[in-house]
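Q: For reference, the structure I am asking about is given below.
Read-outs throughout are calculated quantities, based only on the coordinates presented, and are distinct from any laboratory measurement. Values in this document were obtained by computation on a predicted structure and should not be read as measured data. Here the Cβ positions follow ideal geometry from the backbone for every residue, glycine too, while neighbour counts run over all protein chains shown.
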Amino acid sequence: LQVWGSSGRSHSVDLTALGKHGEVYAEGPFACLAWSHSETRLLYVAEKSRPKPRPPCPWDVPGAARLAGEDEDEEVGAMAVPQGEQFVYHEDWGEALSARSVPVLCILDLAGSSLSVLEDIPEHLSPGQAGQGAGRALWSPDDRGVVFVGWWHKPFRLGLRACSNRRSGIFHLDLASGRCELLSAECGAACSPRLSPDGRRLLYLEGAVGGPHRQCLRLRMLTWQTRQTVTVLEVVQEPTEAFAGIYTEELPPRCWAADSQRVVLGTPQRSRTDLLLVDTEAAAVTNLTAGSPEGCWELLTLQWDLLVATCSAPNRPPTLVVAVLPPAGQELPLCWVPVEDAPTVPGVTWKTLTVQPRCNGQSPTAHNTQAFEALLLSPPDSMAPHPLIVCPHGGPHAVFDARWRPSMAALCQLGFAVLLVNYRGSLGFGQASITSLLSRVGEQDVADTQLAVEQALHSEPLDPHRLALLAGSHGAFIALHLLTREPKRYQACALRSPVSNLPALLGTSDIPDWRYVSLGLPYSFERVPRAEEVATMLLRSPIAQVARVQTPVLLCAGGRDRRVSPTQALELYRVLRAKGVPARLLWYPEGGHALTGVETEADVFGNCARWFLQHV
């Protein structure tokens, strides 16, 4: 760790060599690195120190003493693994967090040249998010305590990535007494605490434990002095034109205005991501970016009422912009000034399609009548009618907002139109839409995607004889269902980390709870599936009907995927090959669920593009 000031480097500390903890968390849901108010102490999160196996003794004599000098190269403070303990299983937090098991809060005192691990956090909690970002920690206003998020990890850990439904709370640890105080609800899912500039108010997000893995969240506020908590914004069941709810996984690191009353945050609002200004006293919401040509806005920081943000669109890379936040009540119109402008990509246009579900014959309710949306990216009209690539998103509780996606723009420049489908169950359309998908996966999501395709073919200059599917995870689950229902409609399909066999995920996924919840079944930690439940899962699985598939399929799988086992793709590949269906499997040994990394992403895109050009 290095500390730099205006006169150069002031401190350099080898944290690992001190032997107090394991790897420092540099990213992810637990990570933080932040100053105390006095700027003499740094708060961060690291892996708890664990005994390390000693190398075998070159003199293999029972009871022989280790030779002098053998321990000289071992780390300071390193502990030896007791005999018989070397291969004990240690849980982790699942997909993309396989190196995160037991996080600990650490304080580096630069003035006193000391490092301490905070020992008074209850053993059933995994602490994190103690940093408010932009260099400031969530220390209590007097620097005598720290505020952090604690996740319950008993009886065992469930995957945390993209899961805002895990039991967690906002805690205050008094550094002098060691008293740990729960500030939020006892049985909630709270995260992202942000202290106001005057130190009087603590803002945080809160959702329900269990149920959908992503959901509409409450915005809660605690008055520090009295410990009284109020709900600033409630969960939105049905969106209005002005406000659709809060769906972001975290608040911006610096989100408070200088008046300690207003807050700015970014969140999906239907198929856009907008910046919202929230007056915490009036509980009023103002959309600062509604109607702008850019479909995705992200707040980087808010300091001294200077807003720094990025904005992008499907045909425009991110542009860095700034604006000064006017006094309360005078926020609109907000004048954004570009700092680094990115030009629009020529030959790519986009629009939002609104799709109204058909009446299914049952008594009309909100979940089966609410409209959903799809984003259509198109090449120049001179090339019409365009071949169409259909993309249902993964999750399923996620959203395709109208942001810049280089791969989608590139497909347009290759001559394809691209349809990004936000079926019912997507984020940004109200909690009722999210919960409407529970017990209807493989049915409602598939029908919505099918309906979006039909509407696009009817209203846009598209070629109905040149269609393809591109999807990942749950989106691939939807795509496979479409291939089994209409075997001759699509000419090609490319899938990443596909879900094809639901019951097989019960023992292999880091989120086994979702296998039950998605089908409307209750979940508990001791849950063991009954035979009829396994049968239901199999009947909802595309693998049960894969014999109907005739479309050439490209499969991409990550060997280290903890969310959806790569054996799902392997099983699918083998069945397709046995049936004589053209199939190709790309196996990325170090790849996770998202198949990220420059080399991997480039290879996946290149192979998908060639697959579409070959077969479409």
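Q: Among 296-307, 191-202, what's the highest-first ranking by average C-beta atoms within 10 angstrom per residue?
A: 191-202, 296-307
Q: Where both partners of a DSSP beta bridge lie in region 349-615, what percent of those bridges are antiparallel, to the nearest 5?
A: Here the share of antiparallel DSSP bridges comes out near 35 percent.
Q: Output ³J(HN,Hα) for region 603-610: one whole-Hz value per residue in order, computed from phi by the Karplus curve 6.51 cos²θ - 1.76 cosθ + 1.60 with θ = phi - 60°, and x for Gly and Pro.
A: 5, 4, 5, x, 5, 5, 4, 5
Q: What are the ³J(HN,Hα) couplings of region 32-37, residue after residue, when phi is run through the Karplus curve with 6.51, -1.76, 1.60 and θ = phi - 60°? Round to Hz, x for glycine and proline.
A: Values, residue by residue: 6, 7, 8, 7, 6, 4 Hz.
Q: Using amide H atoms built 1.01 Å from N in the peptide plane, name the residues 5+ places from residue 269, or on other chains, whose amide H lies under 5 Å from its own.
A: Residues meeting the amide H criterion: 274.
Q: Okay, next question. Exactly which GluC sites (Glu not before Pro) in region 505-552 are in a DSSP loop and have at most 11 other Cβ atoms within 10 Å?
A: 526
Q: Then there is this: Starting at the first residue of region 265-270, write each ³J(HN,Hα) from the Karplus equation 6.51 cos²θ - 1.76 cosθ + 1.60 with θ = phi - 60°, in whole Hz, x for Gly and Pro.
A: Taking θ as phi minus 60°, the curve returns 9, x, 7, x, 10, 6 Hz for region 265-270.
Q: A follow-up question, please. Can you give the angle from 0 to 90° between the axis of helix 444-459 and the longest principal axis of the chain, with both taken from C-alpha atoms, to the nearest 10?
A: Around 50 degrees separate the two axes.
Q: Same structure, new question: Sort 409-416, 260-267 by packing, meaning the average of other beta carbons within 10 Å per residue, with the highest value first.
A: On the way: 409-416: 19.0, 260-267: 21.2.
Ranked from most to least packed, the peptides come out as 260-267, 409-416.
Q: Student exercise: in the chain, how many lysine pairs 8 or more apart or on different chains have Cα atoms under 24 Å apart? If you can, show how the numbers build up before the last one.
A: On the way: 20/48; 20/52; 48/154; 488/579.
Lysine pairs meeting the criterion: 4.
Q: Continuing with this model, one more query. Skipping prolines and chain starts, which residues have an amide H placed within reach, meaning under 5 Å, of the one on residue 246, given they are 5 or more residues away or on another chain?
A: For residue 246, whose amide H was placed from the backbone, the distant partners under 5 Å are 217, 236.
Q: Same structure again: Quick query: amide H of residue 345 versus all other amide H atoms, modeled in the peptide plane; which residues come in under 5 Å with a sequence gap of 5 or more or a different chain?
A: 316
Q: Now a separate question. Using 0.36 nm per residue, how much length does the chain from residue 80 to residue 488 gain when fully extended, once their Cα-Cα distance is taken away?
A: Extending this stretch completely gives an extra 140.7 nm.
Q: Using per-residue counts of other Cβ atoms within 10 Å, averaged over each peptide, order 515-522, 236-243, 551-558, 310-317 from highest down.
A: 551-558, 310-317, 515-522, 236-243
Q: Would you mind classifying region 150-204 by shape? Square roots of the alpha carbon gyration tensor eigenvalues, ordered a ≥ b ≥ c; an a/c under 1.5 is rounded, otherwise it is prolate if a/b is larger than b/c and oblate if not.
A: Oblate shape, in that a/c is at least 1.5 and b/c is the bigger or equal ratio.
Q: Relative contact order (percent) for the chain, with alpha-carbon contacts under 8 angstrom and 6 or more residues of separation? Show your work: numbers first, answer last.
A: On the way: 1399 pairs, mean separation 51.5, N = 616.
Reported as a whole number, the value is 8 percent.
Q: Also, I was wondering about something else. Would you kindly calculate the translational diffusion coefficient of region 349-615, applying Stokes-Einstein with the Kirkwood radius from alpha carbon pairs, for 37 °C and a viscosity of 0.692 mPa s, and quote it in µm² s⁻¹ without decimals?
A: Numbers: Rh = 18.8 Å.
Translational diffusion coefficient: 175 µm²/s.
Q: Under the 0.36 nm per residue contour assumption, what length would be gained going from the current alpha-carbon distance of residue 599 and residue 342 to full extension?
A: Using 0.36 nm per residue and subtracting the Cα-Cα distance, I get 90.1 nm.
Q: Something else about it: With both bridge residues required to lie in the chain, what share of the DSSP beta bridges run antiparallel, to the nearest 5%?
A: For the chain, the DSSP antiparallel bridge percentage is about 80.
Q: Could I ask something else about it? Measure nothing but the geometry: give the 0 to 90° angle between the long axis through the Cα atoms of 474-485 and the longest principal axis through the Cα atoms of the chain, rounded to 10°.
A: Helix 474-485 sits at roughly 20 degrees to that axis.
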